[in-house]
Amino acid sequence: MRKYEASALMPDLSISFKSHIAPASPLFEEACTAFARGTLIPTVRGPIAVEDLLPGDYVQSSHGAQPVTWIGSTTYVPGIPDDATTLASLSRITSDSFGPGRPMVDVLVGPAAHMVMRRDRLKSLIGSEAVLVPVSDFADGDRIVEVTPVGSVQLYHFMLGRHATVQIGGIEMESYHPGKAVTRPMGEAAAALFLSMFPNIERLQDFGELSLTRSSREVIDSLTSL
């Protein structure tokens, strides 16, 4: 089990803050493990550290300025066996990895961080030249390095009014969406526990549609190399 912190923008525009104890499983951990403390998020008021972001703040996204509707957080703790958590390591995107100033400084992300991968040939295959893939798929020991911090690290993820990508250090990364998990059978108890973390959501279907397809770098490389 793991402790999660969640804040949500309620229909009356108040903000709900709650702590939750839930399984250390992908469904729950992926809601809270994208961006490390200190990551700068582009808002209409300028860059704001993710830990200072609040529900109701407007973030600059691929669909324009959108309100943050939910923020989840949990703590990376070193020394937990890999089979007990998805949170076994983090990824450090080193400065200038994707070109000058992309990112300007190193960016530390968790296993839930997905970035946009573009391939011209994808347009004819899936109808879009862009897909979302885990940042960890690009780990090469040079530009993107898998790291295992010796101390705890607070991690965050945030949801927008509509699923979109956001420029994090000049790199397109996605806002939170549970993806296909909402269409898989999970049992009434698990669904209720998951939804309890999202008081602004009544049903799993209320998460809406993904703006881009999710895949893996391996699958996309195999498709585009045929």
Exercise for review: Go through segment 197-213 and give me each residue that's surrounded by fewer than 17 Cβ atoms within 10 Å (Cβ to Cβ) and touching a Lys or Arg at 6+ places or on another chain (Cβ under 8 Å).
Suggested key: P199, G208
**Study point:** Single unsatisfied condition, Q167 versus (1) open to solvent by less than 20 Å² (accessible area, probe 1.4 Å); (2) touching a strand residue (DSSP E or B) at 6+ places or on another chain (Cβ under 6 Å); (3) not hydrophobic (A, V, I, L, M, F, W, C)
**Key:** (1)
Exercise for review: Please specify each residue of segment 63-113 satisfying the condition of being part of a strand (DSSP E or B) and modelled with pLDDT under 95.
Suggested key: Y76
Review point. Pairs under 9 Å by beta carbon, first residue buried (at least 19 other Cβ atoms within 10 Å of the Cβ) in segment 1-27, partner aromatic (F, W, Y) and part of a loop (DSSP other than H, G, I, E, B), six or more apart or different chains?
Key: A6/F198; A8/F198
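Step by step: first the residues of segment 48-98, then only those that are among the charged types (D, E, K, R), out of contact with any strand residue (DSSP E or B) (no Cβ under 8 Å at 6 or more places or on another chain) and closer than 19 Å to K3 by Cα, then the one that is surrounded by the fewest Cβ atoms within 10 Å (Cβ to Cβ). Which residue is that?
The initial filter retains those residues of segment 48-98 that are among the charged types (D, E, K, R), namely 51-52, 57, 82-83, 92, 96.
Then drop every residue that is not out of contact with any strand residue (DSSP E or B) (no Cβ under 8 Å at 6 or more places or on another chain), which leaves 52, 82-83, 96.
Next, only the ones that are closer than 19 Å to K3 by Cα stay: 82-83.
Working: D82: 9, D83: 6.
Among them, the one singled out is D83.
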**Study point:** Whichever residue in segment 32-47 is of a type outside the set (D, E, K, R) and within 16 Å of V153 (Cα to Cα) and, among such residues, is most open to solvent (accessible area, probe 1.4 Å)
**Key:** L40
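Quick check on my filter: what residues within segment 67-100 are of a type in the set (A, V, I, L, M), touching a Ser or Thr at 6+ places or on another chain (Cβ under 8 Å) and over 30 Å from I15 (Cα atoms)? Let's see the steps before the verdict.
Taking segment 67-100 first, the residues of a type in the set (A, V, I, L, M) are 68, 71, 77, 80, 84, 87-88, 90, 93.
This time we only want the ones that are touching a Ser or Thr at 6+ places or on another chain (Cβ under 8 Å), so: 71, 77, 87-88, 90.
Answer for segment 67-100, where residues must be of a type in the set (A, V, I, L, M), touching a Ser or Thr at 6+ places or on another chain (Cβ under 8 Å) and over 30 Å from I15 (Cα atoms): just A88.
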Check your understanding: Taking segment 100-123, which residues are open to solvent by 30 Å² or more (accessible area, probe 1.4 Å) and either more than 17 Å from the chain's Cα centre (by Cα) or free of Cβ contacts under 8 Å to residues at least 12 places away in the same chain (or both)?
Key -> P100, R102, M104, V105, D106, R118, R119, D120, R121, K123
Study note, to complete from the structure: Scanning segment 180-196 residue by residue, the ones that are under 18 Å from the mean Cα position of the chain (by Cα), surrounded by fewer than 20 Cβ atoms within 10 Å (Cβ to Cβ) and touching a residue at least 60 places away in the same chain (Cβ under 8 Å) total 1
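The values are calculated or read from the model by the stated rules, or taken from the named source; none is laboratory data. Because the structure is predicted, anything quoted here is derived from the model rather than measured. Counting neighbours? That spans all protein chains shown, and the Cβs are built from the backbone with ideal geometry, glycine included. Each accessible area value is taken on the protein alone, full model and side chains, heavy atoms only, with ligands, DNA and RNA left out. Shrake-Rupley method; radii C 1.70, N 1.55, O 1.52, S 1.80 Å.
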